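K.L.:
Handing you a structure now.
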Amino acid sequence: MKADNNEKALLQGLSKNDKKAVESIYKDNYNIVQALIINNNGTADDAKDVFQEAMIVLYEKVQSGSFELNCQIKTFIYSVSRRIWLKKLMHQNRFNLVEGHADMISVDDEMEDHEKRNNEYGMMEKAMNNLGEPCKSLLEAFYIQKRNMQDIAAGFGYTNAENAKNQKYKCLVRLKRLFFSQYKNESL
Amino acid sequence: MIEDIKILEAVERYITGEMTPDERVFFEGLRKSNPEIDQTVVEHTFFLQQMNRFDEVKNFKNLLNENHIHLAEKGLINSPRLKGKAKVIYLYNRYKRVAAIAASIAGITALTMSALVWSFSPGKPTQEVQALRRELKQSISKLENKNHELNQKIDNVKDQAQEVIQTPAINYKSGGTGFLLDSKGYIVTNQHVIEDARHIAVQDNNGVDLNAEVIYSDAQRDIAILKITDKRYKSPGSIPYSIKGYGGDIAEPIYTLGYPRNDIVYGEGYLSAKTGYNGDTLSCQITVPANRGNSGSPILNKNGEIIGILSAKQNTAEGAVFAIHSKYILNALNELQKDTAFKNVKTPSSTVLKGSDRMQQVKKISNFVFMVKVD
């Protein structure tokens, strides 16, 4: 299969959160996934969820750096979407898919990987939501927006950077506890 | 805790590479000799990675959603709008059996429940519960009558040929209490207070009688709303209390203001049970001094929120007084607002009494509590 230069550029763009690249992949692949879902007992909302999850799988793959796609983007997204939808249908005891797209690859490894990450994402989301304010904003400011401590201390009304730092660590300890308590339960 | 934070701080500086080379060597030594520190480094590295990944995916999800909306608007992907009808039919086909079964179960349950409720409902508690409507002492009216007779005699003397026909003064025979719902002159009271009334007047804190008429009444919930029609009525200002949409808690301190006699009377007590007579869920049981004439009195909590209307007491039990839950006042108000003539009737959603002491609260509220007199 010809590793299209255009496709390579798209994947590179995707790994850098480039809006144009994401839009282009979205536009070229959404309809075919939606058709699959709708022809198989799904709604347009289901289609959106499934497609976006497949996009995340692709995103995670290109993020990992060493990734090389050995099929077309379309085939990859279709295969992953199909797999995700099949799994959802299995929960409702329906198995047979009516489908139009032929090209497919095996995505077992990808799915296993993705499910693990997806679980972790859910746990972090839950931990963050249970953390409460001001801890959540404080940690986001430091670890995600990478603002410096002086700045944060001023923004959150702490008397000095040292105070803000102590508070930040206390919050971090709590967040870690919330996260790992789920993590350990999960792995049991 | 402080120890933990120090360690965590060191670990974080180590991971992010903020340590000086000396520090780094020292820390690596520590890491080798102390497995706990080593474990913390591994765990924290993993955790920071998790946080970063969480953030990346979260942002990516937002980006995807933006794109979805954008592309759907432009029509570059098949937007979900066109699926509207198909979805309904599809859902209908998918769930019609379930729906049919659910509907029949619901039907059977509804019939059974209504049969059960019908056979077990206590009916109207007629004897044991006494509505606290007051038979007005007639002394003042009698005096007025005497005056009236005197006047008539004088008139008769003055003009013997003509028989003077005067509109007879109305003798109000019974009464209760009511309080303003809307300072435009809307008063809420018990339905039993104004039952079978020919004339209704409300008397304000200064003893002035004002004519009023019933604009809403609900016998089952025992709630009525009156409107003061008298031109002499002047709004006493904005209402200081609010009406709470849900019930209070057992043991919550409460107080009431009412007209068991010609002067306003204060009483205090507590909420003693969440249901009323015979488990009636429309009302709650309170312990507060109550006499005839207290019907329709507001029951307030310490914040100055009305949690109920005093309505009745149980004759066969000592100190059991019942109040209708305040949410039925709000329900009644909602019903009333459906009539376009009354759609502007409003009650304040928050109290201004919170935090002020009881004497201040009572002082403010007493201008908004009226004696309801009925002929």
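The values are calculated or read from the model by the stated rules, or taken from the named source; none is laboratory data. Everything numeric in this text was worked out from a predicted model, so none of it was measured. Ideal geometry is used to build each Cβ from the backbone, glycine not excepted, and the neighbour counts take in all protein chains shown. Remember, those area values only see protein heavy atoms, side chains included, never the ligands or the DNA or RNA. Shrake-Rupley method; radii C 1.70, N 1.55, O 1.52, S 1.80 Å.
K.L.:
Give the stretch A:15-31 a look and list any residue that's open to solvent by less than 50 Å² (accessible area, probe 1.4 Å) and either among the β-branched types (Val, Ile, Thr) or at pLDDT below 85 (or both), or say none.
P.N.:
Residues satisfying the conditions are A:Ser15, A:Val22, A:Ile25.
Residue by residue, here is whether (1) surrounded by 23 or more Cβ atoms within 10 Å (Cβ to Cβ); (2) within 23 Å of B:Lys363 (Cα to Cα) holds:
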{"site": "B:Thr189", "(1), (2)": "yes, yes"}
{"site": "B:Val208", "(1), (2)": "no, yes"}
{"site": "B:Gly247", "(1), (2)": "no, no"}
{"site": "B:Glu252", "(1), (2)": "no, yes"}
{"site": "B:Val265", "(1), (2)": "no, yes"}
{"site": "B:Leu271", "(1), (2)": "yes, yes"}
{"site": "B:Tyr277", "(1), (2)": "no, no"}
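K.L.:
Another one. Taking A:Lys165 and the conditions (1) under 21 Å from the mean Cα position of the chain (by Cα); (2) modelled with pLDDT of 80 or more, which numbered condition does it fall short on, given that it satisfies the others?
P.N.:
(1)
K.L.:
Then there's this: When only residues in the stretch B:316-342 that are open to solvent by 30 Å² or more (accessible area, probe 1.4 Å) and among the polar types (S, T, N, Q) count, which is modelled with the lowest pLDDT?
P.N.:
Out of the qualifying residues, it is B:Thr316.
K.L.:
Further, regarding this structure: Between B:Val345, B:Val362, which is open to solvent by less than 70 Å² (accessible area, probe 1.4 Å), in the same structural domain as B:Ser238 (by TED's automatic domain parsing) and more than 17 Å from the chain's Cα centre (by Cα)? Before the answer, list the steps.
P.N.:
Numbers: B:Val345 fails: more than 17 Å from the chain's Cα centre (by Cα).
Result of the check over B:Val345, B:Val362: B:Val362.
K.L.:
Still on this structure: Exactly one condition in (1) in contact with a Pro (Cβ under 7 Å, 6 or more places away or on another chain); (2) within 12 Å of chain B (Cβ to nearest Cβ) is not met by A:Phe156; state its number.
P.N.:
(2)
K.L.:
For B:Glu12, are the conditions met, namely being under 19 Å from A:Tyr169 (Cα atoms) and either of a type in the set (Asp, Glu) or surrounded by 13 or more Cβ atoms within 10 Å (Cβ to Cβ) (or both)?
P.N.:
When the stated conditions are applied, B:Glu12 passes them.
K.L.:
Would you confirm whether or not the stretch A:180-187 contains a residue that is under 19 Å from B:Val57 (Cβ atoms) and more than 11 Å from chain B (Cβ to nearest Cβ)?
P.N.:
Yes, because at least one residue in the stretch A:180-187 is under 19 Å from B:Val57 (Cβ atoms) and more than 11 Å from chain B (Cβ to nearest Cβ).
Residue by residue, here is whether (1) modelled with pLDDT under 75; (2) among the hydrophobic types (A, V, I, L, M, F, W, C); (3) part of a helix (DSSP H, G or I) holds:
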site: B:Arg81; (1), (2), (3): yes, no, yes
site: B:Val88; (1), (2), (3): yes, yes, yes
site: B:Arg97; (1), (2), (3): yes, no, yes
site: B:Ala100; (1), (2), (3): no, yes, yes
site: B:Gly107; (1), (2), (3): no, no, yes
site: B:Met113; (1), (2), (3): no, yes, yes
site: B:Thr126; (1), (2), (3): yes, no, no
site: B:Gln130; (1), (2), (3): yes, no, no
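K.L.:
Taking the stretch B:27-51 as the region of interest, how many residues are more than 8 Å from chain A (Cβ to nearest Cβ) and within 20 Å of A:Lys61 (Cα to Cα)?
P.N.:
Here the count works out to 2.
K.L.:
Identify, please: which residue in the stretch B:210-224 is polar (S, T, N, Q) and surrounded by 14 or more Cβ atoms within 10 Å (Cβ to Cβ) and is, among those, farthest from B:Leu333 (Cα to Cα)? Walk me through how you get there before you give the answer.
P.N.:
We begin by selecting, within the stretch B:210-224, every residue polar (S, T, N, Q); these are B:211, B:217, B:220.
With surrounded by 14 or more Cβ atoms within 10 Å (Cβ to Cβ) added as a condition, the list becomes B:211, B:217.
Numbers: B:Asn211: 21, B:Ser217: 11 Å.
Top of the filtered list is B:Asn211.
K.L.:
B:Ile69 - would you say it is more than 30 Å from A:Gly122 (Cβ to Cβ), modelled with pLDDT of 60 or more and open to solvent by 60 Å² or more (accessible area, probe 1.4 Å)?
P.N.:
Details: more than 30 Å from A:Gly122 (Cβ to Cβ): no; modelled with pLDDT of 60 or more: yes; open to solvent by 60 Å² or more (accessible area, probe 1.4 Å): yes.
Taking the combined requirement at face value, the residue does not satisfy it.
K.L.:
Quick check on the stretch B:287-304: of everything there that is modelled with pLDDT under 90 and under 17 Å from the mean Cα position of the chain (by Cα), which residue is nearest to B:Leu257 (Cα to Cα)?
P.N.:
The residue in question is B:Gly304.
K.L.:
Of the conditions (1) open to solvent by less than 50 Å² (accessible area, probe 1.4 Å); (2) part of a helix (DSSP H, G or I), A:Asn40 fails just one. Which one is it?
P.N.:
Evaluating A:Asn40 over (1) open to solvent by less than 50 Å² (accessible area, probe 1.4 Å); (2) part of a helix (DSSP H, G or I) leaves (2) as the failure.
K.L.:
Right, another one. Take B:Lys227 and decide whether it is open to solvent by 30 Å² or more (accessible area, probe 1.4 Å), closer than 18 Å to B:Met371 by Cβ and at pLDDT 90 or above.
P.N.:
Values: open to solvent by 30 Å² or more (accessible area, probe 1.4 Å): yes; closer than 18 Å to B:Met371 by Cβ: yes; at pLDDT 90 or above: yes.
Against the criterion (open to solvent by 30 Å² or more (accessible area, probe 1.4 Å), closer than 18 Å to B:Met371 by Cβ and at pLDDT 90 or above), B:Lys227 qualifies.
K.L.:
Okay, moving on. What is the one condition in (1) surrounded by 15 or more Cβ atoms within 10 Å (Cβ to Cβ); (2) modelled with pLDDT of 85 or more; (3) within 14 Å of another protein chain (Cβ to nearest Cβ) that A:Asp113 does not satisfy?
P.N.:
It fails just one condition, (2).
K.L.:
Taking the options A:Gln63, A:Gln72, name whichever one is open to solvent by 60 Å² or more (accessible area, probe 1.4 Å), more than 13 Å from every other protein chain (Cβ to nearest Cβ) and either touching a residue at least 24 places away in the same chain (Cβ under 8 Å) or within 21 Å of B:Asp55 (Cα to Cα) (or both).
P.N.:
Values: A:Gln63 fails: more than 13 Å from every other protein chain (Cβ to nearest Cβ).
When all the criteria are applied, what remains is A:Gln72.
K.L.:
May I ask you to list pairs of residues, at least six apart or on different chains, whose Cβ atoms are under 6 Å apart, with the first in the stretch B:194-209 being within 16 Å of B:Asp230 (Cβ to Cβ) and the second being of a type outside the set (D, E, K, R) and assigned to a loop (DSSP other than H, G, I, E, B)?
P.N.:
Taking only residues 6 or more apart or on different chains, the pairs are B:His199/B:Ile170; B:Asn205/B:Asn367.
K.L.:
In addition: When you scan the stretch A:159-169, how many residues do you find that are within 12 Å of chain B (Cβ to nearest Cβ) and either touching a residue at least 24 places away in the same chain (Cβ under 8 Å) or of a type in the set (A, V, I, L, M) (or both)?
P.N.:
Of the stretch A:159-169, the ones within 12 Å of chain B (Cβ to nearest Cβ) are A:162, A:165-169.
Remaining after also requiring either touching a residue at least 24 places away in the same chain (Cβ under 8 Å) or of a type in the set (A, V, I, L, M) (or both): A:167-168.
Residues that pass the stated criteria total 2.
K.L.:
Here are some residues: A:Ile77, A:Ile84. Which one is more than 14 Å from chain B (Cβ to nearest Cβ), at pLDDT 80 or above and under 18 Å from the mean Cα position of the chain (by Cα)?
P.N.:
Values: A:Ile77 fails: more than 14 Å from chain B (Cβ to nearest Cβ).
None of the other options fit; the residue is A:Ile84.
K.L.:
Is it the case that the stretch B:241-261 has a residue that's assigned to a strand (DSSP E or B) and either acidic (Asp, Glu) or not assigned by TED's automatic domain parsing to the domain that holds B:Asn291 (or both)?
P.N.:
Taking the stretch B:241-261 and keeping what is assigned to a strand (DSSP E or B), we get B:242-243, B:253-258.
Narrowing the set further to residues that are either acidic (Asp, Glu) or not assigned by TED's automatic domain parsing to the domain that holds B:Asn291 (or both) leaves none.
No, that holds for no residue.
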